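Asks: Before anything else, here's the structure in question.
The values are calculated or read from the model by the stated rules, or taken from the named source; none is laboratory data. Values in this document were obtained by computation on a predicted structure and should not be read as measured data. With ideal geometry, Cβ positions are generated from the backbone for all residues, glycine too; neighbour counts draw on all protein chains shown.
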(Lines give C-alpha, C1' and ligand atoms only; values in the text may rest on other atoms or scores of the structure.)
Protein backbone atom coordinates (compact mmCIF):
# COMPACT_ATOMS: atom_id res chain seq x y z
CA UNK A 1 0.00 0.00 0.00
CA UNK A 2 2.89 2.35 0.75
CA UNK A 3 4.34 2.09 -2.76
CA UNK A 4 0.92 2.60 -4.30
CA UNK A 5 0.36 5.74 -2.22
CA UNK A 6 3.78 7.08 -3.22
CA UNK A 7 3.24 6.35 -6.91
CA UNK A 8 -0.12 8.16 -6.71
CA UNK A 9 1.64 11.13 -5.08
CA UNK A 10 4.17 11.19 -7.93
CA UNK A 11 1.42 10.85 -10.52
CA UNK A 12 -0.69 13.61 -8.96
CA UNK A 13 2.37 15.86 -8.81
CA UNK A 14 3.12 15.24 -12.49
CA UNK A 15 -0.45 16.18 -13.46
CA UNK A 16 -0.38 19.29 -11.25
CA UNK A 17 3.00 20.46 -12.52
CA UNK A 18 2.14 19.74 -16.15
CA UNK A 19 -0.89 22.02 -15.93
CA UNK A 20 1.24 24.79 -14.48
CA UNK A 21 3.99 24.27 -17.07
CA UNK A 22 1.47 24.32 -19.91
CA UNK A 23 -0.01 27.59 -18.64
CA UNK A 24 3.40 29.22 -18.19
CA UNK A 25 4.65 27.96 -21.56
CA UNK A 26 1.58 29.37 -23.31
CA UNK A 27 1.88 32.68 -21.43
CA UNK A 28 -1.52 32.10 -19.86
CA UNK A 29 -2.32 33.57 -16.47
CA UNK A 30 -1.43 31.09 -13.75
CA UNK A 31 -3.74 32.58 -11.09
CA UNK A 32 -6.66 30.86 -12.82
CA UNK A 33 -5.05 27.60 -11.70
CA UNK A 34 -5.02 28.64 -8.04
CA UNK A 35 -7.92 26.31 -7.32
CA UNK A 36 -5.85 23.29 -8.37
CA UNK A 37 -5.30 21.08 -5.35
CA UNK A 38 -1.60 20.65 -4.63
CA UNK A 39 -0.62 17.01 -3.99
CA UNK A 40 -0.06 16.31 -0.30
CA UNK A 41 3.06 14.50 0.88
CA UNK A 42 1.94 11.11 2.25
CA UNK A 43 3.67 11.37 5.64
CA UNK A 44 2.60 7.86 6.80
CA UNK A 45 4.32 6.43 3.72
CA UNK A 46 7.53 8.29 4.56
CA UNK A 47 7.40 6.82 8.06
CA UNK A 48 6.80 3.34 6.62
CA UNK A 49 9.83 3.72 4.33
CA UNK A 50 11.95 4.84 7.27
CA UNK A 51 10.92 1.68 9.14
CA UNK A 52 11.94 -0.47 6.15
CA UNK A 53 15.30 1.33 5.98
CA UNK A 54 15.91 0.49 9.63
CA UNK A 55 14.93 -3.16 9.11
CA UNK A 56 16.68 -4.00 5.84
CA UNK A 57 20.01 -5.77 5.62
CA UNK A 58 20.67 -4.33 2.17
CA UNK A 59 22.67 -1.12 2.19
CA UNK A 60 21.83 -0.63 -1.48
CA UNK A 61 18.09 -0.88 -0.83
CA UNK A 62 18.38 1.41 2.20
CA UNK A 63 20.13 3.97 0.00
CA UNK A 64 17.48 3.55 -2.69
CA UNK A 65 14.67 4.20 -0.19
CA UNK A 66 16.58 7.13 1.32
CA UNK A 67 16.89 8.64 -2.16
CA UNK A 68 13.14 8.15 -2.67
CA UNK A 69 12.36 9.93 0.61
CA UNK A 70 14.73 12.74 -0.35
CA UNK A 71 13.04 13.18 -3.76
CA UNK A 72 9.62 13.26 -2.08
CA UNK A 73 10.73 15.91 0.40
CA UNK A 74 12.38 18.05 -2.29
CA UNK A 75 9.29 17.79 -4.47
CA UNK A 76 7.01 18.70 -1.59
CA UNK A 77 9.15 21.71 -0.73
CA UNK A 78 9.27 22.87 -4.34
CA UNK A 79 5.51 22.59 -4.77
CA UNK A 80 4.73 24.43 -1.53
CA UNK A 81 4.72 27.88 -3.18
CA UNK A 82 2.91 26.80 -6.32
CA UNK A 83 0.93 27.83 -8.26
CA UNK A 84 1.55 31.37 -6.96
CA UNK A 85 5.20 31.46 -8.03
CA UNK A 86 4.89 29.40 -11.23
CA UNK A 87 5.03 32.41 -13.56
CA UNK A 88 8.27 33.61 -11.95
CA UNK A 89 9.84 30.15 -12.11
CA UNK A 90 9.41 29.68 -15.83
CA UNK A 91 9.29 26.50 -17.87
CA UNK A 92 12.87 25.39 -17.18
CA UNK A 93 12.40 25.28 -13.41
CA UNK A 94 9.01 23.62 -13.80
CA UNK A 95 10.76 21.00 -15.93
CA UNK A 96 13.07 20.30 -12.98
CA UNK A 97 10.03 19.96 -10.74
CA UNK A 98 8.37 17.62 -13.25
CA UNK A 99 11.53 15.52 -13.32
CA UNK A 100 11.42 15.29 -9.51
CA UNK A 101 7.81 14.10 -9.65
CA UNK A 102 8.66 11.56 -12.36
CA UNK A 103 11.58 10.31 -10.26
CA UNK A 104 9.27 9.76 -7.28
CA UNK A 105 6.93 7.75 -9.49
CA UNK A 106 9.85 5.81 -11.02
CA UNK A 107 11.38 4.98 -7.63
CA UNK A 108 8.06 3.61 -6.39
CA UNK A 109 7.25 1.68 -9.55
CA UNK A 110 10.69 0.06 -9.70
CA UNK A 111 10.22 -1.27 -6.16
CA UNK A 112 6.91 -3.00 -6.97
CA UNK A 113 8.44 -6.25 -8.34
CA UNK A 114 10.44 -6.70 -5.13
CA UNK A 115 7.43 -5.86 -2.94
CA UNK A 116 5.32 -8.40 -4.87
CA UNK A 117 8.07 -11.02 -4.47
CA UNK A 118 8.50 -11.24 -8.22
CA UNK A 119 12.22 -10.72 -7.75
CA UNK A 120 14.51 -11.71 -4.90
CA UNK A 121 16.76 -8.66 -5.15
CA UNK A 122 15.58 -5.22 -4.11
CA UNK A 123 16.27 -2.24 -6.35
CA UNK A 124 19.39 -0.28 -5.45
CA UNK A 125 19.36 2.62 -7.89
CA UNK A 126 17.01 4.72 -9.95
CA UNK A 127 16.38 3.47 -13.48
CA UNK A 128 16.23 6.55 -15.69
CA UNK A 129 14.17 4.80 -18.38
CA UNK A 130 11.45 4.53 -15.74
CA UNK A 131 11.59 8.31 -15.23
CA UNK A 132 10.88 8.73 -18.95
CA UNK A 133 8.11 6.11 -18.69
CA UNK A 134 6.55 7.98 -15.76
CA UNK A 135 6.17 11.05 -17.95
CA UNK A 136 4.70 9.04 -20.83
CA UNK A 137 2.23 7.29 -18.51
CA UNK A 138 0.89 10.76 -17.69
CA UNK A 139 0.53 11.58 -21.40
CA UNK A 140 3.61 13.77 -21.55
CA UNK A 141 5.22 12.91 -24.88
CA UNK A 142 8.51 13.95 -26.38
CA UNK A 143 6.98 15.46 -29.52
CA UNK A 144 5.20 18.08 -27.37
CA UNK A 145 7.70 18.37 -24.50
CA UNK A 146 11.06 17.97 -26.25
CA UNK A 147 12.85 20.35 -23.88
CA UNK A 148 11.65 18.41 -20.84
CA UNK A 149 12.81 15.07 -22.25
CA UNK A 150 16.18 16.58 -23.21
CA UNK A 151 16.49 17.95 -19.66
CA UNK A 152 15.77 14.51 -18.15
CA UNK A 153 18.24 12.81 -20.49
CA UNK A 154 20.99 15.29 -19.53
CA UNK A 155 20.27 14.60 -15.86
CA UNK A 156 20.51 10.86 -16.54
CA UNK A 157 23.85 11.33 -18.31
CA UNK A 158 25.20 13.39 -15.40
CA UNK A 159 24.03 10.73 -12.94
CA UNK A 160 25.80 8.01 -14.94
CA UNK A 161 29.07 9.94 -15.23
CA UNK A 162 31.89 8.70 -12.98
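Asks: Determine which single condition residue 139 fails, assuming it passes every other condition in (1) under 21 Å from residue 12 (Cβ atoms); (2) in contact (Cβ under 8 Å) with a residue 60 or more places away in the chain.
Replies: It is condition (2) that residue 139 fails.
Quick grid of which residues meet (1) closer than 26 Å to residue 111 by Cβ; (2) surrounded by 12 or more Cβ atoms within 10 Å (Cβ to Cβ); (3) within 15 Å of the chain's Cα centre (by Cα):
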position	(1), (2), (3)
4	yes, yes, yes
12	yes, yes, yes
25	no, yes, no
55	yes, no, no
63	yes, yes, no
76	yes, yes, yes
91	no, yes, no
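Asks: Of the residues that sit in the range 112-144 and are assigned to a helix (DSSP H, G or I) and at pLDDT below 95, which one is surrounded by the most Cβ atoms within 10 Å (Cβ to Cβ)? Step through it out loud before you land on a result.
Replies: So in the range 112-144, the residues assigned to a helix (DSSP H, G or I) come out as 112-115, 128-137.
Those still in the list that are at pLDDT below 95 too: 112-115.
On the way: 112: 14, 113: 14, 114: 17, 115: 15.
Here the answer is 114.
Asks: In this structure, does residue 81 turn out to be within 17 Å of residue 38 (Cβ to Cβ) and without any contact (Cβ under 8 Å) to a residue 12 or more places away in the chain?
Replies: Details: within 17 Å of residue 38 (Cβ to Cβ): yes; without any contact (Cβ under 8 Å) to a residue 12 or more places away in the chain: yes.
Taking the combined requirement at face value, the residue satisfies it.
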